[in-house]
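The block underneath contains the structure these notes are about, expressed in structure tokens.
The values are calculated or read from the model by the stated rules, or taken from the named source; none is laboratory data. On a predicted model such as this, the values are computed, not experimentally measured, just so you know. Please note: Cβ atoms are built from the backbone with ideal geometry, for glycine as well, and neighbour counts cover all protein chains shown. These area figures cover heavy atoms from the full protein model, side chains too; ligands, DNA and RNA do not enter into them. Shrake-Rupley method; radii C 1.70, N 1.55, O 1.52, S 1.80 Å.
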Amino acid sequence: MAAGHATAAEEEYLQSLFWLFEAGLPMTAANLARAMQLSAPTVHEMLGRLERDGYIVRGAARTIGFTPAGREHAERIVSRHRMIERFLTDVVGVPWDDVHEEAEHLEHAMTPRFEAYVRSAVGDAKTCPHGHPIRVGERIDGVPLADCKPGAKVTIVRLENEAEDLLHYLKEAGIEPGLRGQVAANDGETVTVRSEAGLSAVTVSVAETVSVLADPSPPSRIALPEQLVLGRERYGR
Ligand SMILES: [Zn+2]
Ligand SMILES: [Zn+2]
């Protein structure tokens with residue numbers, strides 16, 4: 001099977017599968033359906049195509065694994081997406097809460113030549129504007145902001161979920177990768193971070209999607225698939 005001619009839809013699935021894999025979540029159809037907010041039959045059908053095209057294998061216990069070609073392709077797509085986002089913020093000047101959807105469109109339309117220009121324009125940038133590593137595998141572990149107790153010193157490392165409405169909300173609240181501060185309050189409904197920029201308050205469910213380095217740190221744990229939901233509009237519903 002010739003991996004390398006994936007359709008845009010197949011690439012979206014490979015990307016989402018890779019997000020599950022990267023976050024340490026089991027790669028199952030159920031988790032994929034949750035993360036992509038698609039129905040089980042829709043996901044099942046596409047997984048059949050990905051299997052036929054040689055990108056994935058499905059094993060016992062309903063687990064999904066990448067074939068070597070599928071893994072390579074998924075890594076390439078994910079890395080390219082993050083690189084385009086970095087290009088859009090740093091070179092074009094697009095706000096970081098708008099770049100995810102723009103990158104989703106651009107990434108399927110780029111020629112290899114243009115991709116090379118983009119790569120050289122972003123230079124040695126390590127992450128996308130939301131903190132995801134451009135060179136996959138260089139992911140920094142973090143803990144959910146939601147788990148941090150008042151008084152903990154925190155550095156925001158990553159916004160796990162790049163759904164555009166969520167990114168707008170976080171930007172509005174003043175939460176962004178690289179921000180350093182201290183948890184001022186966490187009452188189980190709202191988490192407030194105090195930083196040089198002032199007070200930033202987000203709901204606990206949003207704080208679940210924000211990974212931080214914390215001191216003292218709560219124990220690490222794996223996110224829920226719902227917390228990795230990507231954009232909604234892209235899957236033709
Ligand atoms: Zn993105
Ligand atoms: Zn990003």
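For the stretch 144-229, count all C-alpha to C-alpha pairs, find those more than 19 Å apart, and express that count as a whole percent of the total.
So the portion of pairs separated by more than 19 Å is 26 percent.
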Handout entry: √(5λ) per eigenvalue of the Cα gyration tensor, the stretch 1-90, largest first, Å
Key = 21, 15, 12
Completion exercise
Packing-ranked peptide list from 78-84, 160-166, 89-95, highest mean Cβ count within 10 angstrom first, is 78-84, 160-166, 89-95
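Mind jotting down a quarter of the surface of the convex hull over the alpha carbons of the chain, in square nanometres, one decimal?
The Cα convex hull of the chain, projected and averaged over all directions, gives 13.1 nm².
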Fill in the blank from the handout: Which residues qualify? For residue 56, with a placed amide H closer than 5 Å and at least 5 residues away or on another chain, they are 51, 67
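Determine the gain in length on full extension of the stretch residue 72-residue 92; use 0.36 nm per residue of separation and subtract their C-alpha separation, reporting nm with one decimal.
That pair, residue 72 and residue 92, stretches by 4.4 nm at full extension.
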Fill in the blank from the handout: For the stretch 1-66, the percent of accessible surface on carbon and sulfur atoms (probe 1.4 angstrom, ligands and nucleic acids excluded) is 58
